[in-house]
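The values are calculated or read from the model by the stated rules, or taken from the named source; none is laboratory data. Given the structure is predicted, the values throughout are model-derived calculations rather than measurements. All Cβ positions, glycine included, derive from the backbone under ideal geometry; neighbour counts span all protein chains shown.
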Amino acid sequence: MPPDNPQMGVEIAGLHLKNPVMTASGTFGYGGEFRDLVDLNRLGAIIVKGLSRQPAAGNPPPRIVETPCGMLNAIGLENIGIEAFRRTRLRFLRQFDTPVIVNLYGQQAEDYEALATIVEDEPAIAAVEVNISCPNVKAGGIAFGVVPETAAALTRRIRQRTAKPLIVKLSPNVTDIVPIAQAVAAAGADALSLINTITGMAVDIDTRRPKLANITGGLSGPAIRPVAVRMVWQAARAVEIPVIGIGGIMNHRDALEFLIAGASAVQVGTANFVNPATTMAIIDGLESYLQTREIADIKDLIGSLETERSD
């Protein structure tokens, strides 16, 4: 008989999640925006939109363009700032039995250090996810996350400022994800999340101008899922710490691809714009999958990919 109540819980760097379904930063606001659309208590974790030391206005519009099987965005990390978040949005999130993870970003290493210090003193924040795909102003505009040594150095500095579970979000805009994943893990990260968006561009053929005011933007949605699954598989084989999969997850079958490839949890992003209740459907779908296949624990699926031919 299939298990009536399969075990859905997973562990990420000592943090217990009731299920492996998390929200992706930048696609779920600060959580409260979805209060009437989603049962926030059912989520594995809520990851809020990226926060900086000071409020940020982001890029000028147009900032979003729909593309085949996805979307381009150049929001520019608009946010209310870490202190305003603590005073307002975090107060609302405290009432739920779901871990709150903050996504942090900066223009230079000192920004990340200051943010980590602030977060360390906030008990309502369960973990930290750092976006290392932002321009490193002191390095001439190069993103922190595209060079293993730079990514490791930044991770090490953040690690010194917080004892909370530290998740480092990796950029896919690199030749080889493995050395970066290994460098970040060795520098003290407790988990990795990947992938961030892929740099893309769209052109209006009538005006012969870019469709985004920023010219380029981040491509997300189902179009990038095969790339994301491949990178998650590579990273999970290369490090000993948990890997969280992100990229075009629209339903439970997509989530299962990542789990089987080696992800310990997943983040749902662009799908929240299409159907705000997608996370709920994915949780239901995962549970049903376990029941029908008589799998007692979802952890038995993690990294279960078989690549050797049986014949």
For I118, indicate whether it is within 16 Å of G26 (Cβ to Cβ) and not in a loop (DSSP other than H, G, I, E, B).
no
Test R159 against the stated conditions and say whether it is of a type outside the set (D, E) and out of contact with any Leu (no Cβ under 8 Å at 6 or more places or on another chain).
no
Of all the residues that make up region 155-182, how many are assigned to a helix (DSSP H, G or I), touching a helix residue (DSSP H, G or I) at 6+ places or on another chain (Cβ under 7 Å) and basic (K, R)?
1
Qualifying position, being closer than 18 Å to L194 by Cα, of a type outside the set (F, W, Y) and surrounded by 14 or more Cβ atoms within 10 Å (Cβ to Cβ), among I46, I80, I64:
I46
Can you give me the number of residues within region 71-110 that are at positive phi and modelled with pLDDT under 95?
2
Got a number for residues in region 235-276 being more than 17 Å from the chain's Cα centre (by Cα) and polar (S, T, N, Q)?
1
So, in region 173-206, of the ones that are over 15 Å from V227 (Cβ atoms) and charged (D, E, K, R), which residue ends up surrounded by the most Cβ atoms within 10 Å (Cβ to Cβ)?
D190
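Report yes if G285 is in contact with a Lys or Arg (Cβ under 8 Å, 6 or more places away or on another chain) and surrounded by fewer than 22 Cβ atoms within 10 Å (Cβ to Cβ), otherwise no. Let's see the steps before the verdict.
Numbers: in contact with a Lys or Arg (Cβ under 8 Å, 6 or more places away or on another chain): yes; surrounded by fewer than 22 Cβ atoms within 10 Å (Cβ to Cβ): yes.
Here the answer is yes, as G285 does meet what is asked.
With the structure loaded, tell me whether N59 is in a helix (DSSP H, G or I), touching a residue at least 40 places away in the same chain (Cβ under 8 Å) and either surrounded by fewer than 19 Cβ atoms within 10 Å (Cβ to Cβ) or polar (S, T, N, Q) (or both) or whether it fails that test.
Numbers: in a helix (DSSP H, G or I): no; touching a residue at least 40 places away in the same chain (Cβ under 8 Å): yes; either surrounded by fewer than 19 Cβ atoms within 10 Å (Cβ to Cβ) or polar (S, T, N, Q) (or both): yes.
So N59 fails the test.
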Within region 232-277, tally of residues that are surrounded by fewer than 19 Cβ atoms within 10 Å (Cβ to Cβ) and small (G, A, S):
2
